[in-house]
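**Student:** Take this structure, written in structure tokens, and hold onto it; I'll ask about it next.
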Amino acid sequence: MNDRELAFAADAIRDADSVVAMTGAGVSTASGIPDFRSEDGLWTEYDPSEFHISRFQADPEGFWAARIELVEELFGDGIEPNPAHDALARLEHTGSLDGLITQNVDGLHQRAGTEDPIELHGNGQRVVCQSCRHRSDADAAFDRARAGELPPTCERCGGVLKPDVVLFGEQLPEYALFRAHALAEGADVFIVAGSSLTVEPAATLPKTAADGGATLVVINLDTTPLSGRAEYDFRADVIDAIPRLVDEVVDS
Ligand SMILES: [Zn+2]
């Protein structure tokens, strides 16, 4: 990633009316969270059908037992935001980022200080009641489930709680999708960070933005299907590249 290109990308961000960023698994793996879809990813170890919506509906007890195991594996040692999360929050706070869309479910953007990220696949730090749709913090539900309450139930209405993430076989949340498309359509600069852009709707959003005239900035270790269309295509590690880019936008 050369300094000249970086400075040009930073100029584009500074000059834009609307800057939107979208983050994928690469931003989470830097915090030690395994990538679900990579070749040695989690689903070689776990059976995806265990986490299908039909399994949850048929056997919420068994689903929760498996889910607890998965969460221990994913977040057992505790997870923290990394410099990429911090830099994107900083970009927002300085007024240079108008929206953040994420494919990740770990809640680390919020913990880093991003106000209201659009979560395409939900957020595993929350649970949602299947009867009254009340959302609450996942920790308490997991504590009760570990203590033997399987499945954990809603404190308001007694309904079954589900992790507030999009399970296999489930539709993506409509409002999040709507907001993401609206942001992409109106973007002057669209930054993709740590996404291989192979999964929908993440694959389509930057295309929508580019079709509307946005400047595309792609930061990813590997090449992506949109690398050819990106004005700035940085083959770089997000925890190095995003802070550098943000410093350039904010400090120069
Ligand atoms: Zn409820």
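The values are calculated or read from the model by the stated rules, or taken from the named source; none is laboratory data. Source: prediction; values computed, not measured. In this analysis, Cβ positions are derived from the backbone assuming ideal geometry, glycine residues included, and neighbour counts consider all displayed protein chains. These accessible areas exclude ligands, DNA and RNA; they are computed on the full protein's heavy atoms, side chains included. Shrake-Rupley method; radii C 1.70, N 1.55, O 1.52, S 1.80 Å.
**Student:** Within the range 44-59, how many residues are open to solvent by less than 60 Å² (accessible area, probe 1.4 Å), modelled with pLDDT of 80 or more and either of a type in the set (K, R) or touching a helix residue (DSSP H, G or I) at 6+ places or on another chain (Cβ under 9 Å) (or both)?
**Tutor:** Matching residues across the range 44-59 total 3.
**Student:** Sticking with this structure for a sec: If you take the residues of the range 6-43 that are at pLDDT 95 or above and charged (D, E, K, R), which of them is farthest from L183 (Cα to Cα)?
**Tutor:** Checking each candidate, the answer is D11.
**Student:** Next up: Quickly run through the range 202-217 and pick out the residues that are surrounded by 15 or more Cβ atoms within 10 Å (Cβ to Cβ) and in contact with a helix residue (DSSP H, G or I) (Cβ under 6 Å, 6 or more places away or on another chain).
**Tutor:** L205, T208, A209, A210, T215, L216, V217
**Student:** Let me ask something else about it. Residues that are within 16 Å of the ligand (Cβ to nearest atom): find the strands (runs of 3 or more DSSP E) completely inside the range 61-169 holding 3 or more of those.
**Tutor:** Numbers: elements: 99-102, 122-129, 135-137, 161-165.
Passing ranges, in order: 122-129, 135-137, 161-165.
**Student:** Scan (1) in contact with a helix residue (DSSP H, G or I) (Cβ under 6 Å, 6 or more places away or on another chain); (2) in contact (Cβ under 8 Å) with a residue 60 or more places away in the chain for the single condition V127 breaks and write down its number.
**Tutor:** The one condition V127 does not meet is (2).
**Student:** Would you pick out the residues in the range 222-252 that are within 21 Å of H121 (Cβ to Cβ) and open to solvent by 70 Å² or more (accessible area, probe 1.4 Å)?
**Tutor:** Here is the first cut: in the range 222-252, the residues within 21 Å of H121 (Cβ to Cβ) are 222, 224-226, 238, 242.
Correct list: D222, P225.
**Student:** Inspect the range 209-217 for any residue being in contact with a Pro (Cβ under 9 Å, 6 or more places away or on another chain) and modelled with pLDDT under 95 and give the result as yes or no.
**Tutor:** As a first pass, look at the range 209-217 and keep what is in contact with a Pro (Cβ under 9 Å, 6 or more places away or on another chain): 214, 216.
Those left that are additionally modelled with pLDDT under 95: none.
No, the conditions are met nowhere in the range 209-217.
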